[in-house]
Structure formats: C-alpha cells, structure tokens
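Take a look at the structure below.
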Ligand SMILES: Nc1nc2c(c(=O)[nH]1)N[C@H]1C(S)=C(S)[C@@H](COP(=O)(O)O)O[C@H]1N2
Ligand SMILES: [Mo]
C-alpha cells in the first residue's frame, strides 16, 4: 500500500510529538538556566514582554479593554497556542529528514536571544538562557527524530523495539521537561518577595491619615468601599512577571539636574519621617464608567523631603523615573514637589509585589502612566526634550492631569429594579481638585443634584447617591460631576488615548 516515499516518511503523529517535545525541552532548558541567572531572561517571558512593548498602542488598548487584568494571561495562552502549532508544523515539515525542524528550532532560539537582548532588565550573560533553549531544542529535535526514524519493518513491526525505544526516549524527554520546568521555578522562587515583605513588617506612619468617616461611602447602596483593599486595588502595568526586587537589595539613585546626587537604600527610606496619605489613583486607560480607579492609604516619604536633600536645580522640568524592569515615566517637577510621594506601603502593609514593592511613586492628580512608577530605582531630573517616557513614545500624552469623572455603580446595567423611588449610587473623582457636585438625570429629563458622601480630601474620590422617581419601563440614567474649580464635565465622548476619556457615564435598566 505504501509507496517507497511514504515508507521513508515519519508517521504523522510521531513527527508531531518530536516537534512538540523539542519545543517543550527548549523552553524548560531556557527557564532553568534563567532561574539561576535572571528570571526575566526566561525566553517565554522575554518574548512575551518584548511582544507587549512592540504591540501597537491600539491593540494594547483593545487588549486592556477586552480582557482587563487578564490581558497577560490571554497573551501567554495565545503564545503557548502559537508555539504548539509551530512545534507541530516543525515536526510535520520534517517527516523526510530532521533539517527543516532543526532550522526552525534555531530560528526560534534566535528569537529568544533577540528578545532577551531587547529587555532592559537583562544583561549580556543572560543570553545563556535562550542560548540553552536553542541548543537543547535543536539537540532534542535531532535525537528524537533519529529515534523515531528507525523504521518499523516486517521484523520490527509497529509494536516492536524501535517504537518502544522512541516511546521511552519521548517519555524521558517529557520527564526532563517537567523536572527542569519545576526546578527552574523553585530556584527562581528563592528570591522570595513575600519573605522580604514580612521582614519589613507592618508600617505605621509618624503622621497618620485622618480616619475615614463611616459615612464616606454608600457601600450599602452599591458603591465601592471608600478604601480599596490591597487585593482589590486595580493593577495596570506592562509586565508578565512581577519583578523580584527585595527590600534588602533595593537602591534608588537620584541624579541629573540636582546639586547633589543621592543613593538611597530601603533602610534609608524607612528611617525617614513616614507620612500616610489617602489617595485615589486612576489609570488613563479607564473608559467612561470603567474600573481602573482605587483608593488606598499610601505610606511613604514626601518626595519634597528627599529632593530637598538633593537640591533640584531651577531649570529641571521633568522627573524622569525608571523602574527596575526599564519602564519609564516623565512627571512635571512642580507636581512632584507639591504632592509627590515615594510610597513604601499601602493600608499599613508594605506594598504588595504587584503594586511596586519595595518602593513606588504616587502623585495624586496625575494619571498613573505619567506619575506612578512602580519598583522605581532611578530618578533623573532633566528637561522634557531630553528623554521621552515609555507611553509618550507610543502616542500617549506628555501631560496627563486626571479629568473630572463620575461613574454609576448601581443599578447595574440591564438590571431590573422595583418601580417608584429608585436609588442611583456611584462615585466621582477629580483629583486634586475634589468633587463639589454630582447630578443625575433619567431619560434626558431635568438634572437632579445627588447627595454627596462626606468629603475625605481633594485627592480622593467621593461617593454619591440620588433618588429618582421612575415609572415602570426601560430607563437610561446619566451622571455628571462638577469639581471644586467649578468645572462641569463635558458630555463630549473622547477615547482614553492620548490623555484620558471624557463623557458622561450612563446606565440602562428596567424598573418594573
Ligand atoms: N514599572 C511600572 N510602573 C507603572 C506601570 C508599568 O507598566 N510599569 N504602569 C503605570 C500605570 S499606567 C498605572 S495606571 C499605575 C497603576 O498602578 P497599580 O497597578 O498599582 O494600580 O502604575 C503605573 N506604574
Ligand atoms: Mo495607567
């Protein structure tokens, strides 16, 4: 039945297994070597991180909108699927001989090396990790291919020794992949951030924030609680794996247009006079009505206290800050000196790893992308023309003060509520101006002022609620906020890019 040519070809399934196991071995080897050198050099993550940096801004926006905080999981899963398909294709292309698969394995290894070299938080020796991937990937491919190619003849039928040998070798490779992968993870975890956080212990500021009044939110009516728990605080960053930066290894360098360069270790910062400030942070990517806004009691040192020691020169316009992973932000010096905080804690605890442990910047009143550098290790003072920050290079704004906004949290869109008096509740923010008024209206009717919750401070959000008398049927309710400068938010809808969305939030629901 088989022609001569087919007889020399590897069976379909076997060739696919060869490809998949070789790629798995390559990834595991790279992961293991990276775990010793630098976890960021793990080829899978390096390729993913580089992909994020190279992704067009529109697509990134789309991903954040569609998948929210799951955007990273979606990317990694997508990459895994692409790799799997790639591995199967490499195997199938190599049914007549190992060369096509070897070429593809080397190309994949080359991609890993390029990605690791492109990372800002890797050094040259780190290419040993993707290098190991390349060698192991090509080597395993060749070995398995050779094993798989031992022909089953009439003397050695399909269930015969050659098939068994291939099975054993494949199983051996699979076990090796598991051991290297898990081992690599264990080694990488030796740099344990939770231990470091525990060692820092709970943080009590010399100057504590005033207690939050119990009537500062309308949580019973559906608004968020005034203080967001550390676990629920929104998270936005470009990272796949959170940096493993321990407090004991932390160094912050302050330089550029200053009279005196400073180098601060975590212990130096902790010894300074700590203050606690209740601040609402907002992400520029937040759509009208979106979830990327949260409030915390941040603990840290006013940046002014630190910068007075360095002496910022009068010509400095921009604080250009860099995180340990190479992400950058450019913040106007005036805002930094006025209200900037070098934060080390949230709600009494050290910063959670994903929110910037050991130290980050927080400047109330500015969107996070121009002010809130997490894992900040470098602060350079210069002019805006000198250096462009990460998102500025990708089409977002240079200055990004937070826009006056409000959001309806209850009723939920498409909910059904009891007719008659309907309670509408939500949150408004306009840091650092503060909220003076929120109004709501149903079905383009007259605006009704909402009842505002107790004001905490102008750098935080403010909850509101209102009662509307609604006949049975479908209703659309809108809200608009007025800040303490007297500005009422525009109904003009604009997209988040380049410097924040505008427009009134609305929600449609049924009463009856
Ligand atoms: N190192 C680093 N810091 C960063 C970012 C980032 O991608 N990398 N994202 C910024 C953005 S866009 C926002 S909105 C805030 C979010 O901070 P959070 O994740 O603690 O809420 O962090 C800022 N700091
Ligand atoms: Mo953001």
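Values computed for the structure shown
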{"item": "Residue check for residue 198: within 28 Å of residue 285 (Cα to Cα) and either within 13 Å of ligand 1 (Cβ to nearest atom) or at pLDDT 95 or above (or both)", "result": "no"}
{"item": "Odd one out for residue 245, checked against (1) outside any loop (DSSP other than H, G, I, E, B); (2) away from ligand 2 (no atom under 16 Å from the Cβ)", "result": "(1)"}
{"item": "Number of the exception - residue 225 against (1) under 27 Å from the mean Cα position of the chain (by Cα); (2) touching a residue at least 40 places away in the same chain (Cβ under 8 Å)", "result": "(2)"}
{"item": "Residue check for residue 379: on the phi < 0 side of the Ramachandran plot, assigned by TED's automatic domain parsing to the domain that holds residue 325, within 14 Å of ligand 2 (Cβ to nearest atom) and within 25 Å of the chain's Cα centre (by Cα)", "result": "no"}
{"item": "Residue count, the stretch 248-268 (criterion: touching a residue at least 24 places away in the same chain (Cβ under 8 Å), within 28 Å of the chain's Cα centre (by Cα) and part of a strand (DSSP E or B))", "result": "6"}
{"item": "Of all residues making up the stretch 325-376, the number that are assigned to a loop (DSSP other than H, G, I, E, B) and either more than 13 Å from ligand 2 (Cβ to nearest atom) or surrounded by 24 or more Cβ atoms within 10 Å (Cβ to Cβ) (or both)", "result": "20"}
{"item": "Positions within the stretch 269-324 being free of Cβ contacts under 8 Å to residues at least 60 places away in the same chain, within 16 Å of ligand 2 (Cβ to nearest atom) and part of a strand (DSSP E or B), in sequence order", "result": "321"}
{"item": "So residue 429, is it within 16 Å of ligand 2 (Cβ to nearest atom), at pLDDT below 95 and within 29 Å of residue 491 (Cα to Cα)", "result": "no"}
{"item": "Count - residues of the stretch 407-442 that are more than 12 Å from residue 223 (Cα to Cα) and crowded, with 24+ Cβ neighbours inside 10 Å", "result": "6"}
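The rows are residues; the columns are (1) touching a strand residue (DSSP E or B) at 6+ places or on another chain (Cβ under 7 Å); (2) crowded, with 19+ Cβ neighbours inside 10 Å; (3) part of a helix (DSSP H, G or I).
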| site | (1), (2), (3) |
| --- | --- |
| 52 | no, no, yes |
| 91 | no, yes, yes |
| 96 | no, no, no |
| 103 | no, no, yes |
| 112 | no, yes, yes |
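One line per residue, one yes/no per condition, for (1) out of contact with any helix residue (DSSP H, G or I) (no Cβ under 6 Å at 6 or more places or on another chain); (2) at pLDDT 95 or above; (3) away from ligand 1 (no atom under 15 Å from the Cβ):
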{"site": "185", "(1), (2), (3)": "yes, no, yes"}
{"site": "190", "(1), (2), (3)": "yes, no, yes"}
{"site": "209", "(1), (2), (3)": "yes, yes, yes"}
{"site": "213", "(1), (2), (3)": "yes, yes, yes"}
{"site": "255", "(1), (2), (3)": "yes, yes, yes"}
{"site": "264", "(1), (2), (3)": "yes, yes, yes"}
{"site": "274", "(1), (2), (3)": "yes, yes, yes"}
{"site": "279", "(1), (2), (3)": "yes, yes, no"}
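The values are calculated or read from the model by the stated rules, or taken from the named source; none is laboratory data. What you are looking at is a predicted structure, and each value in this text was computed from that prediction instead of being measured. Every residue, glycine among them, receives a Cβ derived from its backbone with ideal geometry; neighbour counts consider all protein chains shown.
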